[in-house]
1. Just to be sure I understand, how many residues within the stretch 167-193 are under 15 Å from D51 (Cβ atoms), assigned to a loop (DSSP other than H, G, I, E, B) and not aliphatic (A, V, I, L, M)?
2. I need the full set of residues from the stretch 67-95 which are of a type in the set (F, W, Y) and either more than 21 Å from the chain's Cα centre (by Cα) or not assigned by TED's automatic domain parsing to the domain that holds A232 (or both), in order please.
3. Does at least one position in the stretch 128-137 carry a residue that is surrounded by fewer than 16 Cβ atoms within 10 Å (Cβ to Cβ) and either assigned by TED's automatic domain parsing to the domain that holds A207 or of a type in the set (A, V, I, L, M, F, W, C) (or both)?
4. Pick out, from the stretch 194-277, the strands (runs of 3 or more DSSP E) lying fully within it that include 1 or more residues that are surrounded by fewer than 17 Cβ atoms within 10 Å (Cβ to Cβ).
5. Identify, from the list A232, A217, the residue that is farther than 30 Å from P326 by Cα and aliphatic (A, V, I, L, M).
6. Is the stretch 264-277 home to any residue that is among the polar types (S, T, N, Q) and within 20 Å of the chain's Cα centre (by Cα)?
7. Only one of R69, R124 is among the basic types (K, R), in contact (Cβ under 8 Å) with a residue 12 or more places away in the chain, out of contact with any strand residue (DSSP E or B) (no Cβ under 6 Å at 6 or more places or on another chain) and closer than 27 Å to G212 by Cα; which?
8. Say whether the condition of being surrounded by fewer than 19 Cβ atoms within 10 Å (Cβ to Cβ), of a type in the set (K, R) and within 24 Å of R213 (Cα to Cα) is met by at least one residue in the stretch 319-329.
Amino acid sequence: MDIPFWLAEEAPPFAELALDTVDVEIVGAGITGCSCALTLAQAGKRVRVLDQRGVAQGASGRNGGFALRGGAARYDVARDTYGADAARELWRRTERELDRLEELGGDAFRRTGSLRLAADDEERAEIRAEFETLRLDGFVCEWRDELPPLLSPHFRGAIYHAGDGAVQPARLVRRLAGAIAEAGAEIRTNAWVESLDELNAEHVVIATDGSGRGLLAELDEAVWPARGQVIATEPLAERLFECPHYARHGFDYWQQLPDNRIVLGGFRDFSILAEMTDEEVTTEEIQGALDAFLVELLGTKPRVEHRWAGIFGLTQDLLPLVGPVPGRDGT
């Protein structure tokens, strides 16, 4: 029950190499670490990936399975905060990365579109402003006042993003791991790195998201762990949702998978301080909120087959943290 639905799928084997020396060591075998490793290995670098558990066992295998363009902040807010050029380039870059995910992911990626829903009039005004700003800068999106019967009692309009998608995230990252091994890189699982002094490569990449606390003091100050909780139901008899949905400023999110089961996550704001943690456990409060929303949305309570939690990282400016660590050559 507490195994994430994504990770319950049998993992394909990949070639286990052992390299004597490497140019780059990467800590973390999630989507970030594996993507980085694949790029470097295909460029001819000798690469070793280390993970304290295994491929996609952290945040990359414990999320809601969304693949959305853009950043954590609304586009209009990002434009005001970072500047028009920076915001536009960030959004365009994520569009290019979705294309790359589709190319690399095979059947782990589905180009479904997504719905960004307004839960009340205030949020409607906010996402309407986002929609207008996106259109102003040339991005393709649609405004929807009319919503399907299941949604219309609860929501006040939506933005439809046709280019967004859904992923089986564990399958995707495991596929990347196979490509990494084929490119000649080494993947070490059950490899706990307690100090960077243990690593011998000239260059080290930290790709631990919110789960690497204690490894690097500078990152402990810059990246805060937060917990997301998710459930997956039994397959339903009907097809109700064709794409990922997210609402209430992204606090609530769900999708229906090809086998008709619902994956639903969110409600972290119901206990926001308690959810700022790196403890990878579910709680009665958040799980109860997920169950209640499921009944409110569907009018019935399907059987829940999987409940899980995952730890992800937050930054103060809501931007990805990428680049060299000041004062630490090669990191």
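The values are calculated or read from the model by the stated rules, or taken from the named source; none is laboratory data. Computed from a predicted model, the values in this text were never measured in an experiment. Note that each Cβ is placed from the backbone with ideal geometry, even for glycine, and that neighbours are counted across all protein chains shown.
1. 3
2. Y75, Y82
3. For the stretch 128-137, residues surrounded by fewer than 16 Cβ atoms within 10 Å (Cβ to Cβ) and either assigned by TED's automatic domain parsing to the domain that holds A207 or of a type in the set (A, V, I, L, M, F, W, C) (or both): present.
4. The qualifying strands (runs of 3 or more DSSP E) are 224-233.
5. Criteria check complete, one pass: A232.
6. Checked against the condition, which is being among the polar types (S, T, N, Q) and within 20 Å of the chain's Cα centre (by Cα), the stretch 264-277 yields at least one hit.
7. R69
8. yes
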